[in-house]
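**Student:** I'd like to ask you about the structure that follows.
The values are calculated or read from the model by the stated rules, or taken from the named source; none is laboratory data. Keep in mind that this is a model prediction, so the values were computed, not measured. Because the Cβ atoms are built from the backbone with ideal geometry, glycine has one as well, and the counts that use them run over all protein chains shown. With ligands, DNA and RNA removed, areas are computed over all heavy atoms of the protein, side chains included. Shrake-Rupley method; radii C 1.70, N 1.55, O 1.52, S 1.80 Å.
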Amino acid sequence: MGATGSCCSCEDDLPNGADDAKRPGRETRKRSASEFTIIIDRRSGEGLGIDAAPEKNGTLELKGITPGGLVDRWNCSQPPGSQELVKPGMRVVEVNGRYSSAVQLIAACREAEVLHITMMP
């Protein structure tokens, strides 16, 4: 995944122009107590190093994490016993204020900026 610079392997499922998707209004999404947010800096253009699949409920299910990728490095930077480790099977529920649309989440993951990614176990 990291070689193409995309956030996940499901990019072929996006309709044309999805990269140009506009941000939805900044409505507040109700968070679950089990959710946590990771912060990943993609300003260098490096890919997240994840494989994810869009779900009908508007989330992305993590299928795999590439060793050495940005998300793997996030995991390695966490203290022992951290509850904020990203693992396959978890879901991406929000990225930089975008939620309820897998297409929007994928588009947000592709942006070369600091990403605030909310995960749900």
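**Student:** Taking the mean number of other Cβ atoms within 10 Å as a proxy for protection, how do you rank 50-59, 68-77 from highest to lowest?
**Tutor:** Top of the packing list down: 50-59, 68-77.
**Student:** Another question, if that's okay. Given a 1.4 Å probe and heavy atoms of the protein chains only, how would you sort ARG43, ARG98, ARG110, largest accessible area at the top?
**Tutor:** ARG43, ARG110, ARG98
**Student:** How many nm is it between the label spots at SER77 and LYS30, if each spot is 7 Å from the Cα in line with the beta carbon?
**Tutor:** 3.3 nm
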